[in-house]
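Here the structure is laid out as structure tokens; the discussion comes afterwards.
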Amino acid sequence: MRLIIEAHAILTWETTQPTRGQVFFSPKTGEVSPFNETLPNKGYARSTNQTPVYSTRHFVLLVGLDQGATYRYRIHAMGNGHDVYGGDYTVTVPGAYVQKTPTTTYAPVAATTQTPATASTPPAPAATPEPATPPTDNTAPGNDSGGAGVGGVIKNAASKVFGFFR
């Protein structure tokens, strides 16, 4: 058995104009957002790299998330005359689970009488079913802009998490 202790999440959002994107994020430690434009990572503990191309549809991978932790995050859209920040959102990573080590089992073979002229091949081992996939929570509780967002640039601002990966 092994304990899965780290997770990753993909965040997606759209902008009304082609921009590059970046996400700042931190474990949630209180009710007040850490956002401060003058601090490194805008006050959050970590940030993603800026997306490499201008687009209206964006996605980033958040890596090294702790199981069961809640994170605050904020989207930054920049380029083409825009430099705006979305609202403060939260996402909760599903809790840890134990993955069973796959085992191989063999079906019992019935004894048969064989003669050299009629020898047969023993049956192949029975297939082992795949381990059950742990449940995932594909929702991102928190603020849902439902509209145009800050400055009319960021829309559908990552109010949903595309998926969690372990």
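Checking each residue in region 14-32 for being touching a residue at least 60 places away in the same chain (Cβ under 8 Å) and touching a His at 6+ places or on another chain (Cβ under 8 Å) picks out GLU14, THR15, GLN17, THR19, VAL23. Within region 47-63, if we keep just the residues that are closer than 17 Å to TYR89 by Cα and either over 16 Å from the mean Cα position of the chain (by Cα) or not β-branched (Val, Ile, Thr) (or both), the residue that is modelled with the highest pLDDT turns out to be SER47. Within region 65-82, does at least one residue satisfy the condition of being open to solvent by 90 Å² or more (accessible area, probe 1.4 Å) and part of a strand (DSSP E or B)? So far as region 65-82 goes, no, none of its residues is open to solvent by 90 Å² or more (accessible area, probe 1.4 Å) and part of a strand (DSSP E or B).
Hey, among the residues in region 15-46 that are in contact with a Ser or Thr (Cβ under 7 Å, 6 or more places away or on another chain), assigned to a loop (DSSP other than H, G, I, E, B) and not charged (D, E, K, R), which one's farthest from THR90 (Cα to Cα)? My answer is ALA45.
With respect to the conditions (1) surrounded by 14 or more Cβ atoms within 10 Å (Cβ to Cβ); (2) without any contact (Cβ under 8 Å) to a residue 24 or more places away in the chain; (3) not aliphatic (A, V, I, L, M), ASN36 lacks only one, and its number is (1).
The values are calculated or read from the model by the stated rules, or taken from the named source; none is laboratory data. If you're wondering where the values come from, they're calculated on a predicted model, not measured in any experiment. Counting neighbours? That spans all protein chains shown, and the Cβs are built from the backbone with ideal geometry, glycine included. We work out accessible area using only protein heavy atoms, side chains counted, and drop any ligands, DNA or RNA first. Shrake-Rupley method; radii C 1.70, N 1.55, O 1.52, S 1.80 Å.
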